[in-house]
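I have placed the structure first, in the form of structure tokens, so that the comments after it can refer back to it.
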Amino acid sequence: MVEIDSDGFDFRVGGKGFVWSYPERRPGKSRVIRTDIAVLYVGDLDATTD
């Protein structure tokens, strides 16, 4: 696991992000990094394995 330098937080394993700060969109403005909200990548729930 590697923490990437960013405005919020960004953790990666094998070069792929799995948890990061939420980039909130605001109409007409730049995105605001929300460090109180985490985005967690859980994969493709529709993918099948054989």
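No lab work stands behind these numbers, since they all come straight from the coordinates. Given the structure is predicted, the values throughout are model-derived calculations rather than measurements. In this analysis, Cβ positions are derived from the backbone assuming ideal geometry, glycine residues included, and neighbour counts consider all displayed protein chains.
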For this session: Starting from segment 1-43, pick out the chymotrypsin sites (Phe, Trp or Tyr not before Pro) whose DSSP state is loop and whose Cβ has at most 14 other Cβ atoms within 10 Å.
Result: F9, Y41
Seminar exercise, completed: Treating only Lys and Arg (+1) and Asp and Glu (-1) as charged, each at its beta carbon, one finds that the chain has a dipole about its Cα centre, in Debye to the nearest 20, of 360 debye
Exercise. Excluding R25 itself, what net charge comes from residues whose Cβ is under 12 Å from its Cβ, given Lys and Arg +1 and Asp and Glu -1?
Worked result: +3
Problem set entry | Per-residue HN-Hα couplings for segment 28-36 [Karplus 6.51, -1.76, 1.60; θ = phi - 60°; Hz; x = Gly/Pro] | x, 10, 5, 5, 10, 6, 9, 7, 8
For this session: State the extension gain, in nm to one decimal, for the chain segment bounded by V42 and V13, taking 0.36 nm per residue of separation less the distance between their alpha-carbons.
Result: 9.1 nm
Seminar exercise, completed: Hydrodynamic calc, the chain: Kirkwood Rh from Cα pairs, then Stokes-Einstein at 4 °C with viscosity 1.567 mPa s, so D in µm² s⁻¹ is 104 µm²/s
For this session: Can you tell me how much longer the chain between S30 and V2 gets when fully stretched, taken as 0.36 nm per residue apart minus their C-alpha distance, in nm with one decimal?
Result: 7.4 nm
